[in-house]
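Asks: What follows is a structure written as structure tokens; I'll ask about it next.
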């Protein structure tokens, strides 16, 4: 199978390592980030959106993660349901053309730092990439894009954790998203606060 399939099997064994917790809501943006980075012509989730919509008899435009979550009691149950649906889907899957998760191609001239280009695209339209402005979903998406796909030669977030440590005078070993979220009133506020920090951080690198 493909890298997406292999990653899903790794997550199945130990979701806490890859997602921080058993959560379908966090798995979805992580997968979106991977697919955007890898840009595969085919992967194991192509056609999964239509399969889930048909299986649960849903005609709205909600993504498959939201559909499964709606029919689950909690995040843990939703993740279990996803893997049950996924296993059934793989058994009957026929490779279609191109569908499933959102794939967004980089704009020309963004190749030198694809992470920064992606962050600016998300900033302009967070609903398209994340479903809503949320620093937790942003971090998960970036995790898929940066850490679980192909290695990157350039990454504007290198040393960003240390910048956040120094700004908030934090010594605990926490990632920047958790620190910013702690000092924000909501996921949305934390999302926009991240971009304020990113702008200031980029000025220190220029």
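Any read-out appearing in this document is the output of simple, stated calculations on the displayed coordinates, not a laboratory observation. Model, not experiment: these values are computed from the prediction. Here the Cβ is made from the backbone with ideal geometry for all residues, glycine too, and neighbour counts use every protein chain on show.
Asks: Helix 114-124 sits at what angle to the longest principal axis of the chain, using alpha carbons and giving 0 to 90 degrees rounded to 10?
Replies: 80
Asks: May I ask you to order 171-180, 138-147 by the average number of other C-beta atoms within 10 Å around their residues, highest value first?
Replies: Working: 171-180: 15.2, 138-147: 22.2.
My ranking of the peptides, most packed first, is 138-147, 171-180.
Asks: What is the chain's relative contact order, in percent, from Cα pairs under 8 angstrom and six or more apart in sequence? Don't skip to the answer; put the middle values down first.
Replies: Details: 219 pairs, mean separation 51.9, N = 206.
The value is 25 percent.
Asks: If packing is taken as the average number of other Cβ atoms within 10 Å across a peptide's residues, how do 155-166, 27-38 rank, most packed first? Each step should come with its number before you reach the end.
Replies: On the way: 155-166: 15.3, 27-38: 23.3.
Descending mean neighbour count gives 27-38, 155-166.
Asks: Mean separation of Cα pairs under 8 Å and 6+ residues apart, divided by the residue count of the range 159-206: what relative contact order is that in percent?
Replies: That works out to 31 percent.
Asks: Taking a ≥ b ≥ c as the square roots of the eigenvalues of the Cα gyration tensor of the range 159-206, is the shape rounded (a/c under 1.5), prolate (a/b larger than b/c) or oblate?
Replies: oblate
Asks: Another question, if that's okay. Take the alpha carbon gyration tensor of the range 1-66, find the square roots of its eigenvalues, order them as a ≥ b ≥ c, and report rounded if a/c is under 1.5; if not, report prolate when a/b exceeds b/c, else oblate.
Replies: oblate
Asks: How large is log10 of I(q)/I(0) for the chain at q = 0.16 Å⁻¹ when the intensity is taken from the Debye formula with one equal scatterer per alpha-carbon?
Replies: One equal scatterer on each Cα of the chain leads to -1.12.
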